[in-house]
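The values are calculated or read from the model by the stated rules, or taken from the named source; none is laboratory data. What you see is a predicted model; the values in this text were computed from it and never measured. All Cβ positions, glycine included, derive from the backbone under ideal geometry; neighbour counts span all protein chains shown.
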Amino acid sequence: MSKEPVAVTGIGQTKHVAARRDVSIAGLVREAAQRALDDAELTWADIDAVVIGKAPDFFEGVMMPELYLADALGAVGKPMLRVHTAGSVGGSTALVAANLVAARVHGTVLTVAFEKQSESNAMWGLSLPIPFQQPLLAGAGGFFAPHVRAYMRRTGAPDTVGSLVAYKDRRNALKNPYAHLHEHDITLEKVQASPMLWDPIRYSETCPSSDGACAMVLTDRAGAARAPRPAAWMLGGAMRSEPTLFAGKDAVSPQAGKDCAADVYRQAGIADPRRDIDAVEMYVPFSWYEPMWLENLGFADEGEGWKLTESGVTELDGDLPVNMSGGVLSTNPIGASGMIRFAEAALQVRGQAGEHQVDGARKVLGHAYGGGSQFFSMWLVGAEPPDA
Amino acid sequence: MTAVSRDIAVVAFAQSDILRTTEEQSEVEMLMPVLHDVLDRTGLKTADIGFTCSGSCDYLAGRAFSFTLALDGVGAWPPISESHVEMDGAWALYEAWTKLRSGDADTALVYSYGKSSPGSVRDVLTRQLDPYYVAPLWPDSVALAALQAQALIDAGDTDEPALAGIAARSRATDNTRAQLRGSVPQGDYVVRPLRTGDCPPIGDGAAAVVLAAGERARELCPRPAWIRGIDHRVEAHGLGVRNLTDSPSARLAAEKAGAFERPVDTAELHAPFSSQEVVLRKALRLDGNVRVNPSGGALAANPMMAAGLIRIGEAASRIHRGESDRALAHATSGPCLQQNLVAVLEGDPR
């Protein structure tokens, strides 16, 4: 028996900001969940199960917070799963929820991801104590900067490419009312003049630290038929993992990312991603990851990704728009960032992305990664169901 | 809802010795022999496995993303299809079961591990409570279980000698992996009415299970433990809104898993405190004909994050060995049995 098709019929986000001091953690997740239910025109009683994800519990200082959140998410008396796969978790959480529908375990599932980073300091939360990590390797930027440098050396990409990505994403964010950073006076010169944090990554080429939540209602074919608004249909979804460090690891273009994309394309019948996919929401926490992932995901040949960025292909009005929402560079509640990519991809094919809508977007990829470039989760969503 | 499309079974189980402390070992070093053991039992290699899922907790490890290191033990190269839950491994098994059910994979490796020894687990578990209204008071896990035990005594559901009997029966196990076996003194009150003997030992350990679907299961195991049903439910977090003498979530999960359709001969319950076995026996309708916790249960060995998966593994092993035909396995999470999972396992007719 084939799998049940999975539809996204409700999407909700909070307005992402540096600190949501007006709400508790429960209030934050419930706000996103309620908006997703409102979008699907469903009530809490219509939900069969809840799948929640977030990054390390140290970010809020609550161990396994889903136990405390059971009431706020209407999960009492229902199954509740908590996913944690590092930075890719928002995407993985959506995929675990989608599989409950695909396997016909449940008809309608609420999936939620969040981070309330103002409760702690994410950079130090991610910094392991010595001797497990060398001194001065503070936060994710310190880990990823050498990989960016390796990419630049390998491809000969000009130094300016990173700033072009940041300038584009921050301008896209101005069209997204939920984005954290709204830098109305942003200029390319300002990006290029911002302080160097982890050479070659500048302050303006780095993701912010955000409080935010994202939620989606995933449902089966019958649920989609009852939905008040167009559904986004999952055409393919996959997760891949590889170890953090090992001899022969390609930290610039990890095999796990290539394999994950290939699996998604196989499921969705994508022969040429550059031609068949209309837009991408990818996980770019540091600007240079846009060209790096363009290659890893098969949108450009090896060494050619930066040319797409430089020539404007990935602009909102380009041939392959990337991070129309402003991306992780403009909004980063870590545990939710992957789900926001997945949700923004779904918004595009539903034609509900507002000012940052790509005209005629029919197939859009959502992408997330985490750990030491080792955990990948992706889904491809379309405006038509998989069997259409 | 469509019926289960394919039969899925536990085909192998392995666990480490559960020890009071493993300070000379990292989590990976504790886990690796268990992974090798469980794969050896099936002849499978990492690359043969369709889906891998694990359960563990950063708060026990004391570091963010602690599960990433465990991947080194798995040998995730070439890259594998893999996921992780910040829950007991029983829920990782549930996620893997859905992957097999949807047809995405034919085999799955599930593992979990936890080291409680480095910190004070009573204090650590307070961080699991409502961060605004409860956690600032630091009510520890034993104190909360004691509230539950006292409520049971007040309701006439048990008394202290009966609780001591549960503790003694649990530790009379012949399970050589268990941490506490044989005659263990009931001891003084830790938090009244719970005595040392009513509380689980604090220890470290790891466990792993291999799942397989359909004919693949029969190839890998002479007598697979078929998962006839599996379900899990959560209750409200606030203890004040719950009736602590009952477990409606365990009962509902059991009902959804089909546990009440026919009697089981064996039950492996994840009841860290003796009093919680009383709650679960009632909710799961287990009478005197059911062998409860022949492994010794969590009172004999309670490695956090693995103890629930071990219940499923122990129940499955009994079916593999022909000592059970239909068994119930239970896992719990959260204060006073807040979240519960029930699986019903069966062997082919003999």
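Residue check: is B:D198 farther than 30 Å from B:V11 by Cα and crowded, with 19+ Cβ neighbours inside 10 Å? Criteria met by B:D198.
Being buried (at least 24 other Cβ atoms within 10 Å of the Cβ) and in contact with a strand residue (DSSP E or B) (Cβ under 8 Å, 6 or more places away or on another chain) narrows it down to one residue among A:A18, A:A40; which is it? Full working, then the answer.
Values: A:A18 fails: buried (at least 24 other Cβ atoms within 10 Å of the Cβ).
On inspection, the qualifying residue turns out to be A:A40.
Of these, B:T196, B:T98, B:T173, which one is touching a Ser or Thr at 6+ places or on another chain (Cβ under 7 Å) and either assigned by TED's automatic domain parsing to the domain that holds B:D231 or at pLDDT 95 or above (or both)? If you could, list the steps in order and put the result at the bottom.
Working: B:T196 fails: touching a Ser or Thr at 6+ places or on another chain (Cβ under 7 Å); B:T98 fails: touching a Ser or Thr at 6+ places or on another chain (Cβ under 7 Å).
Going through B:T196, B:T98, B:T173 in turn, the sole match is B:T173.
Regarding A:D276, is this residue surrounded by fewer than 24 Cβ atoms within 10 Å (Cβ to Cβ), under 30 Å from B:S54 (Cα atoms), over 18 Å from the mean Cα position of the chain (by Cα) and touching a residue at least 60 places away in the same chain (Cβ under 8 Å)? Considered against the rule, which asks whether it is surrounded by fewer than 24 Cβ atoms within 10 Å (Cβ to Cβ), under 30 Å from B:S54 (Cα atoms), over 18 Å from the mean Cα position of the chain (by Cα) and touching a residue at least 60 places away in the same chain (Cβ under 8 Å), A:D276 comes out as no.
Can you name every one of the helices (runs of 4 or more DSSP H) wholly within segment B:50-150 that holds 3 or more residues which are within 7 Å of chain A (Cβ to nearest Cβ) and touching a residue at least 12 places away in the same chain (Cβ under 8 Å)?
Working: elements: B:58-61, B:67-74, B:89-101, B:121-126.
Of the helices (runs of 4 or more DSSP H) lying wholly inside segment B:50-150, those with at least 3 residues that are within 7 Å of chain A (Cβ to nearest Cβ) and touching a residue at least 12 places away in the same chain (Cβ under 8 Å) span B:89-101.
Kindly list, by first and then second residue, each pair from a residue in segment A:12-30 that is modelled with pLDDT under 95 to a residue that is surrounded by 14 or more Cβ atoms within 10 Å (Cβ to Cβ), limited to pairs with Cβ atoms under 6 Å and residues at least 6 apart or on different chains. No pair meets every condition. Regarding segment B:233-241, can at least one residue be identified that is surrounded by fewer than 18 Cβ atoms within 10 Å (Cβ to Cβ) and either assigned by TED's automatic domain parsing to the domain that holds B:Q15 or under 21 Å from B:E314 (Cβ atoms) (or both)? Among the residues of segment B:233-241, not one is surrounded by fewer than 18 Cβ atoms within 10 Å (Cβ to Cβ) and either assigned by TED's automatic domain parsing to the domain that holds B:Q15 or under 21 Å from B:E314 (Cβ atoms) (or both), which makes the answer no.
What residue, among those in segment A:68-79 that are at the interface with another protein chain (Cβ under 7 Å from one of its Cβ atoms) and buried (at least 24 other Cβ atoms within 10 Å of the Cβ), is farthest from B:A257 (Cα to Cα)?
Applying the first criterion (at the interface with another protein chain (Cβ under 7 Å from one of its Cβ atoms)) to segment A:68-79 yields A:68, A:70-71, A:75-79.
Now narrow it down to the ones that are buried (at least 24 other Cβ atoms within 10 Å of the Cβ): A:68, A:70, A:75, A:79.
Values: A:Y68: 25, A:A70: 21, A:A75: 18, A:P79: 12 Å.
The extreme case among them is A:Y68.
Within segment A:360-388, being away from chain B (no Cβ under 14 Å), part of a loop (DSSP other than H, G, I, E, B) and either acidic (D, E) or in contact with a Phe, Trp or Tyr (Cβ under 9 Å, 6 or more places away or on another chain) (or both) holds for A:A383, A:E384, A:P385, A:D387, A:A388.
Taken residue by residue, segment A:259-266 has at least one member that is at pLDDT 95 or above, among the basic types (K, R) and closer than 15 Å to A:L380 by Cβ.
Can you say whether A:A145 is farther than 26 Å from A:A345 by Cβ and either outside any helix (DSSP H, G or I) or in contact with a strand residue (DSSP E or B) (Cβ under 6 Å, 6 or more places away or on another chain) (or both), as far as the supplied structure shows? Quick ask: steps written out before the conclusion?
Working: farther than 26 Å from A:A345 by Cβ: yes; either outside any helix (DSSP H, G or I) or in contact with a strand residue (DSSP E or B) (Cβ under 6 Å, 6 or more places away or on another chain) (or both): yes.
It is true that A:A145 is farther than 26 Å from A:A345 by Cβ and either outside any helix (DSSP H, G or I) or in contact with a strand residue (DSSP E or B) (Cβ under 6 Å, 6 or more places away or on another chain) (or both).
Screening A:V89, A:V101, A:V96 for residues that are at pLDDT 95 or above and facing chain B (nearest Cβ under 7 Å) leaves exactly one candidate, A:V96. Does B:A164 count as at pLDDT 95 or above and closer than 24 Å to B:S247 by Cβ? For B:A164, the condition - at pLDDT 95 or above and closer than 24 Å to B:S247 by Cβ - is met.
Mind checking which residues of segment A:301-354 are hydroxyl-bearing (S, T, Y), assigned to a loop (DSSP other than H, G, I, E, B) and closer than 18 Å to A:Q117 by Cα? Quick ask: steps written out before the conclusion?
Step one: filter segment A:301-354 for residues hydroxyl-bearing (S, T, Y), giving A:309, A:311, A:314, A:325, A:330-331, A:337.
Applying the additional criterion that residues be assigned to a loop (DSSP other than H, G, I, E, B) yields A:311, A:314, A:325, A:331.
Result: A:T331, single match.
With the condition kept exactly as written, say whether any residue in segment A:202-218 is within 27 Å of A:M123 (Cβ to Cβ), out of contact with any helix residue (DSSP H, G or I) (no Cβ under 7 Å at 6 or more places or on another chain) and surrounded by fewer than 17 Cβ atoms within 10 Å (Cβ to Cβ). Within segment A:202-218, one or more residues are within 27 Å of A:M123 (Cβ to Cβ), out of contact with any helix residue (DSSP H, G or I) (no Cβ under 7 Å at 6 or more places or on another chain) and surrounded by fewer than 17 Cβ atoms within 10 Å (Cβ to Cβ).
Comparison of A:V252, A:V264 shows that the only residue that is touching a Lys or Arg at 6+ places or on another chain (Cβ under 7 Å) and among the aliphatic types (A, V, I, L, M) is A:V252. Residue pairs whose Cβ atoms lie under 6 Å apart, separated by 6 or more positions or on different chains, with the first residue in segment B:15-40 and over 24 Å from B:A108 (Cα atoms) and the second in a helix (DSSP H, G or I), are B:T22/B:M30. Considering only residues that are under 22 Å from B:A217 (Cβ atoms) and within 14 Å of chain A (Cβ to nearest Cβ), which ones fall in segment B:319-335? Of everything in segment B:319-335, just one residue is under 22 Å from B:A217 (Cβ atoms) and within 14 Å of chain A (Cβ to nearest Cβ), namely B:A331. For segment B:270-296, a residue qualifies if it is assigned to a loop (DSSP other than H, G, I, E, B), in contact with a helix residue (DSSP H, G or I) (Cβ under 9 Å, 6 or more places away or on another chain) and over 17 Å from B:Q150 (Cβ atoms), and the qualifying residues are B:H270, B:L284, B:R285, B:L286, B:D287, B:V290, B:N293, B:P294, B:S295, B:G296. Would segment B:252-264 turn up any residue that is assigned by TED's automatic domain parsing to the domain that holds B:I153, outside any helix (DSSP H, G or I), in contact with a helix residue (DSSP H, G or I) (Cβ under 9 Å, 6 or more places away or on another chain) and under 23 Å from B:T176 (Cβ atoms)? No, segment B:252-264 has no match at all.
When the residues of segment A:98-119 are filtered to those that are of a type in the set (D, E, K, R) and in contact with a Gly (Cβ under 7 Å, 6 or more places away or on another chain), the one that is surrounded by the most Cβ atoms within 10 Å (Cβ to Cβ) is A:E115.
Look at A:T85 and say whether it is surrounded by 22 or more Cβ atoms within 10 Å (Cβ to Cβ) and under 20 Å from the mean Cα position of the chain (by Cα). Break it down stepwise before answering.
Details: surrounded by 22 or more Cβ atoms within 10 Å (Cβ to Cβ): yes; under 20 Å from the mean Cα position of the chain (by Cα): yes.
So A:T85 fits the description; yes.
Out of all the residues in segment A:252-278, which are among the acidic types (D, E) and within 12 Å of chain B (Cβ to nearest Cβ)?
Step one: filter segment A:252-278 for residues among the acidic types (D, E), giving A:259, A:263, A:272, A:276, A:278.
A:D259, A:D263, listed by residue number.
Here B:A267 fulfils each of the conditions (1) more than 14 Å from every other protein chain (Cβ to nearest Cβ); (2) touching a Lys or Arg at 6+ places or on another chain (Cβ under 8 Å); (3) in a helix (DSSP H, G or I) apart from (3). Residue check: A:A232 meets all listed conditions (1) more than 14 Å from chain B (Cβ to nearest Cβ); (2) free of Cβ contacts under 8 Å to residues at least 24 places away in the same chain but one, namely (2). Residues in segment A:344-388 that are touching a residue at least 12 places away in the same chain (Cβ under 8 Å) and charged (D, E, K, R): A:E344, A:R350, A:E355, A:R362, A:K363, A:E384, A:D387.
The residues of segment B:212-244 that are closer than 18 Å to B:A155 by Cβ, over 21 Å from the mean Cα position of the chain (by Cα) and not in a helix (DSSP H, G or I), listed by number, are B:R242, B:N243.
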